[in-house]
Amino acid sequence: MNEADELQIIRRIVDGEIEAFEHLVLHYQDRLLRMIATLLNDERRHAEDLAQIVFVEAFRRLKDFDPARSRFSTWLFMIARSRSLNALQKKSPALLAELPEQYADTPETEDRDRMRTLDQALHQLPGKQKRAFTLVALEDLSYAEAAQLESTTVGTIKSRVSRAREFLKASLTHP
């Protein structure tokens, strides 16, 4: 879905065609869920609950969305980031005891071990580095969009992503 299609769907929703919101949910649900789960260091079930809350909030606030200020995805991820950080403040983060559901069906033990190692390394990153890496490397946001979400500069995001990549590379080559 391109940006023009998104804006057309948003206009339809704001004009009362609430069923059109399903298009946005279907387009963003996997990316949003992955981002929230990564930020929460959490089981998929809790991330799914929070993702639903984020979509409900986005729906309620959709008339306030300003395409001149940001893309819809940036705005949506900003809501998700805020809700995720609030959830983290309410509970202490814990390393996943089990692989996320999306990896549990992988038949190869070696793949499971690799994913577990990657998951553990990702969750060991400092919060700001993990958020920057997640937004840029996993969610394909631009450095500028990630900087907007994190309320910082593009240079700071580039630095955080670079440090995160260095840490992950070291962690994965020397487990």
Exercise. With the dipole of segment 1-94 worked out from charges on the C-beta (+1 for Lys and Arg, -1 for Asp and Glu) around the Cα centre, which of Trp75, Ile9, Leu62 lies farthest toward the positive end?
Worked result: Trp75
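Given the alpha-carbon gyration tensor of segment 1-94, what are the semi-axes of its equivalent ellipsoid in whole angstrom, ordered largest first, with each equal to the square root of 5 times an eigenvalue?
Numbers: eigenvalues 128, 31, 26 Å².
Ellipsoid semi-axes (Å, largest first): 25, 12, 11.
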Exercise. Separation between the Ser162 and His46 pseudo-spin-labels, each 7 Å from Cα along Cα→Cβ, expressed in nm?
Worked result: 3.4 nm
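Any read-out appearing in this document is the output of simple, stated calculations on the displayed coordinates, not a laboratory observation. Not measured: the values here are computed from a predicted model. Using ideal geometry, Cβ is built from the backbone for each residue, glycine included, and neighbour counts are taken over all protein chains shown.
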